[in-house]
Amino acid sequence: MSLKVLHLSPTPLVAAPGKLSRALRQAGHDSLCVALNDYPKNGPLHGKFIDDVTLLAEASSEVKDLVDGFARAADVIHIHNDLPASTVQWLRELSPRARFVYQVHSPLREGPLYFERAPALGLPISRHLVVGQYQPRHYPDYLAVPNLVLDEPFLAPRRDDEPLRVLFSPTHSRTGRWNAKYSERLEKVLRTLHDLKRVEIVWPTAPLSPSTLMALRRTCHASIDEIVTGAFHQVSIEGLCAGNVVINRADFFSKSMMACCARAPELPPFVHADESSIEDVLIDLALSPRRTAELQAASFRYFDAHLRADRLVNRFVHIYETLH
């Protein structure tokens, strides 16, 4: 049976709800992703993540009518992160028959206390979900679900005559046990190895759209996620898809969470590194094209077997179909 699923989020949330909505459509369901606002116009993320998103702010009357009609007919309304009271009231009026799902994504800040937002919405939520990366540590009673990468897996093994080409996208410098991804030590190591021509570093100077970043990732042999917290992030999933050696500091729990969300019998083939070992890890890879190619192939195989979007989207379909 085809489902009609409306995704609602305050912002595009770096394309995660939009990709899920698109995957549902590709699986034969009717889905629309609506974000109340884009990222700020004067910010670096504005316009980068709206390919599969309908923006409600400043929308025309035709677009507002489209969204109203979809909300009235929806079987499932999937709320991402939070909604203002006015949008909640709109849902109460238009969607009395829909089932509600609530999903937590990455919090912007870590405080000493966490407060669940779902109860404050005041909606009859049937299922509580959380992104299956580090977030289940904060929401142990929520069901962990995967983030999707829609691209087909790709593999271009490093040749013997090629230097090691590494993609590094610097992240924010927020504080917090699980949000503190920035490493000054890592940046110093990368600059040194690049200057010595031991490693070719691809280092974007500004945020890129997901499609452009993936195209750039496919030209590289390795991707560095973060080596600080013990978690993995979307970089690691995209790196597997691009056939990259994926370098991070993911601990056993984090790797097990990926395997659990993917229903995979094996842990992902990440290469472990922390601030004390990252230089040695990169030099070892730089000196061994064969080892690099073997690890690239392992990444490709893992994504192809376990992380394809057309496979993982069925997790969400099953959740929607079993709501009470």
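The values are calculated or read from the model by the stated rules, or taken from the named source; none is laboratory data. Since we're looking at a predicted model, the values are computed, not measured. Reconstructed Cβ throughout: ideal geometry from the backbone, glycine too, with neighbour counts over all protein chains shown.
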Segment 93-115, subset assigned to a strand (DSSP E or B) and either of a type in the set (Ser, Thr, Tyr) or at pLDDT below 95 (or both), residue farthest from the chain's Cα centre (by Cα) = 102
Single condition residue 219 does not satisfy, out of (1) surrounded by fewer than 18 Cβ atoms within 10 Å (Cβ to Cβ); (2) at pLDDT 95 or above; (3) part of a helix (DSSP H, G or I) | (3)
Failed criterion for residue 51 (all others in (1) touching a residue at least 60 places away in the same chain (Cβ under 8 Å); (2) of a type in the set (Asp, Glu); (3) not in a loop (DSSP other than H, G, I, E, B) hold) = (3)
Residue 295 in contact with a helix residue (DSSP H, G or I) (Cβ under 7 Å, 6 or more places away or on another chain) and modelled with pLDDT of 95 or more | no
Where residue 90 falls short, out of the listed (1) surrounded by fewer than 18 Cβ atoms within 10 Å (Cβ to Cβ); (2) in a loop (DSSP other than H, G, I, E, B); (3) among the aromatic types (Phe, Trp, Tyr) | (2)
Residue, farthest from residue 311 (Cα to Cα), within segment 272-290, restricted to residues that are touching a strand residue (DSSP E or B) at 6+ places or on another chain (Cβ under 9 Å) and free of Cβ contacts under 8 Å to residues at least 40 places away in the same chain | 281
Residue tally, condition over 18 Å from the mean Cα position of the chain (by Cα) and crowded, with 21+ Cβ neighbours inside 10 Å, over segment 1-56 = 4
Quick one: in segment 231-248, which of the residues that are in contact with an Asp or Glu (Cβ under 7 Å, 6 or more places away or on another chain) and part of a loop (DSSP other than H, G, I, E, B) is nearest to residue 148 (Cα to Cα)?
-> 233
Considering only residues that are modelled with pLDDT of 90 or more and out of contact with any Phe, Trp or Tyr (no Cβ under 9 Å at 6 or more places or on another chain), look in segment 193-213 and name the one that is surrounded by the most Cβ atoms within 10 Å (Cβ to Cβ).
-> 199
Answer yes or no as to whether residue 270 is not assigned by TED's automatic domain parsing to the domain that holds residue 210 and not aliphatic (A, V, I, L, M).
-> no
Quick count over segment 194-210, residues being over 26 Å from residue 134 (Cβ atoms) and either touching a Gly at 6+ places or on another chain (Cβ under 6 Å) or assigned to a helix (DSSP H, G or I) (or both), is 2
Working carefully through the options 101, 63, 88, 67, find the one that is of a type outside the set (D, E, K, R) and under 19 Å from residue 316 (Cβ atoms).
-> 101
Any chance residue 24 is in contact (Cβ under 8 Å) with a residue 12 or more places away in the chain, farther than 21 Å from residue 132 by Cβ, hydrophobic (A, V, I, L, M, F, W, C) and not in a loop (DSSP other than H, G, I, E, B) | no
Please indicate, with yes or no, whether at least one residue in segment 126-134 is aliphatic (A, V, I, L, M), in contact with a strand residue (DSSP E or B) (Cβ under 8 Å, 6 or more places away or on another chain), within 30 Å of residue 212 (Cβ to Cβ) and surrounded by fewer than 19 Cβ atoms within 10 Å (Cβ to Cβ).
-> no
